[in-house]
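What follows is one structure encoded as structure tokens, with my remarks underneath.
The values are calculated or read from the model by the stated rules, or taken from the named source; none is laboratory data. This is a predicted model, so every value here is computed, not measured. Cβ: placed from backbone, ideal geometry, glycine included. Neighbour counts: every protein chain shown. In case anyone asks, the SASA skips ligands and DNA or RNA and just uses the protein heavy atoms, side chains included. Shrake-Rupley method; radii C 1.70, N 1.55, O 1.52, S 1.80 Å.
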Amino acid sequence: MNSAATARVVLKPRRALPFFHRHPWVFAGAIREIDGAPEPGDVVDLVTHQGEFVARGLFNPDSNIRVRLYTWNESESLDVDFWRGRVDEAVRLRERLFGEATPQSAHRLVFSESDGLSGLTVDRYGDWLTVQMTSRALATRRDELVELLSGRLRPKGIWLRTEKGVRDLEGLEIEDGLLFGEEPPRPLVVEEHGVRFGIDLVAGQKTGFYLDQRDNRLALARHVGGHRVLDAFCYSGGFGLNALVNGGAKQVVAVDSSEAALELAAANAELNGVRDRVEFRKADVFDTLTGLGEAGERFETVVLDPPKMTRHRKGVEKALKGYFRLNRSALDLLEPGGILVTCTCSGLVPREDFLGMLSSVAQHADRRVQVLEARGAALDHPVSVACLETDYLQCLVCRVS
Ligand code: SAH
């Protein structure tokens, strides 16, 4: 793979500022011309319209993100040593956070833009790694990356997961499958704050588990002693099981629309010896919240962890309406003094708008809402200040009078 720049991508006048601020995505609309004929995955230099060097990145003619930037240092080439250095830096942070890996470890080792590796996400589940590639340009270096990951981390296997939509967004034709070593056991059992979770790396959602909510699940546990907890959008039981095992909750009602998710959650409840304290419901949460309210059911804690509600700026207003509906219904289910844990992973929803939504909900329901904790994603999902899209997860722990 060629690591020297094969072409220059020239910016339009007055479009260079975000890239001097080190945002890593150069959209097609910011580009005046391309000086050369780069192939997908080739190294290119980004220059101002006056020819001044800005940054160096990888080119993809088929993505709206035409160039992903990796270095702002003109003397640094994007060769294998560069990628090794970036991966090593990301891994060292996690080693510092989590210590030596064990067969029960579950954390994110590399988080794309957050770690200066736009387009690459790597998770560790015990002795296995999952790799997600969201950039076609970086994916041209897949073998190189797999080799350096296996060399550095010595996993038993590496499994490739592909997010829906990358084919359309990036022109990237890849299929899930084994990249290295042995296939992972199904389920693979990991541990989070002493709670055991069986994970299906091959068919589970995301890369198998919602690692970003790890510390928010523990934050919930602090409040739920003796509570009846509604875990809405429960997936494999993350919040509910933490509430039972670490928080001493009395009972959990866990709701998800996916049968596969509920099967995982039930198996996990079994694994932790709390199956008799969880009631599972396969249903649409939007309908269920209303139904439960009308049936007069009440909870001391409600957790709302819905999936991403918008991928586009245009959809933000509609998403906020959806959050309003959910949170409004949740308040009707909460006993006075109850706890609401409400999340959004729609990165485009600004923090103040999410809080504003909650303020409208409180007013509409005539309840007082206090935010006890405004949280983000777990420590292995750092936020890059150059790319605020990495600040996508909000989790508010609230008391509702
Ligand atoms: N709280 C979970 C992660 C939730 S991910 C954890 O800690 O691991 C979002 C979940 O919402 C998915 O499991 C998905 O199946 C479910 N889901 C999506 N739309 C839904 C709907 N309208 N009603 C119920 N569940 C839904």
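A few points about this structure:
- Accessible surface, 1.4 Å probe, highest first, among residues R399, R124, R22, R311: R311, R22, R399, R124
- In the frame of its principal axes, segment 274-315 has Cα extents of 42, 27, 20 Å, reported largest first.
- Lysine-lysine proximity count for the chain, Cα under 27 Å, sequence distance 8 or more or distinct chains: 20
- Using the Karplus relation 6.51 cos²θ - 1.76 cosθ + 1.60 with θ = phi - 60°, the per-residue 3J(HN,Hα) values for segment 73-79 come to 9, 5, 8, 9, 9, 8, 9 Hz, with x marking Gly and Pro.
- Length gained on full extension, T102 to E373: 94.5 nm, using 0.36 nm per residue less the C-alpha separation.
- Rounded tilt (10° steps) of 80-98 against the dominant C-alpha axis of the chain: 20 degrees
- Using only alpha carbons, segment 258-348 has a radius of gyration to Kirkwood radius ratio (Rg to Rh) of 1.01.
- Equivalent ellipsoid, segment 62-164 (semi-axes from 5 times Cα gyration tensor eigenvalues, Å): 23, 16, 12
- Per-residue ³J(HN,Hα) for segment 339-344, Karplus 6.51 cos²θ - 1.76 cosθ + 1.60, θ = phi - 60°, Hz, x for Gly and Pro: 10, 10, 10, 10, 10, 9
- Antiparallel bridge percentage (DSSP; both residues within segment 80-181; nearest 5): 75 percent
- Derived scalar couplings between HN and Hα for segment 383-389 equal 9, 8, 5, 7, 9, 6, 4 Hz in order, rounded to whole Hz, by the Karplus curve 6.51 cos²θ - 1.76 cosθ + 1.60 (θ = phi - 60°), x for Gly and Pro.
- The Cα-based radius of gyration of segment 194-400, divided by its Kirkwood radius, gives an Rg/Rh of 0.94.
- Average silhouette area of segment 175-229, convex hull of alpha-carbon atoms, in square nanometres: 5.1 nm²
- Summed over all non-identical Cα pairs, the Kirkwood treatment of the chain gives a radius of 22.5 Å.
- For segment 1-116, the alpha-carbon radius of gyration amounts to 1.21 times the rule-of-thumb value 2.2 N^0.38 Å expected for a compact globular protein.
- Segment 7-71, dipole about Cα centre (Lys/Arg Cβ +1, Asp/Glu Cβ -1), debye to the nearest 20: 340 debye
- In the chain, taking the dipole from charged Cβ atoms about the Cα centre, the farthest positive-side position among P38, G226, L153 is held by G226.
- Remark: the chain carries a charge dipole of roughly 1000 debye about the Cα centre, counting +1 on each Lys and Arg Cβ and -1 on each Asp and Glu Cβ.
- At 1.002 mPa s and 20 °C, Stokes D of segment 7-71 from Kirkwood alpha-carbon radius, µm² per second: 192 µm²/s
- Selection from F59, V9, H21, by position along the positive dipole direction of segment 7-71 (Cβ): H21
- Dimensionless Rg/Rh of segment 156-269 - Kirkwood Rh, Rg from C-alpha atoms: 1.04
- Of all accessible heavy-atom area on segment 194-400, the percent that carbon and sulfur account for (1.4 Å): 50 percent
- Working from label points 7 Å from Cα in the Cα-to-Cβ sense, the D35 to S258 distance is 4.8 nm.
- With the convex hull drawn around the C-alpha atoms of segment 100-228, the volume per residue stands at 130 Å³.
- If only the Cβ of Lys and Arg carry +1 and only the Cβ of Asp and Glu carry -1, the dipole of segment 51-152 around its Cα centre is close to 260 debye.
- Among residues other than A7 with Cβ under 13 Å from its Cβ, the summed charge is -2 (Lys and Arg +1, Asp and Glu -1).
- With DNA, RNA and ligands ignored, accessible area of K156 (1.4 Å probe; Å², nearest 10): 100 Å²
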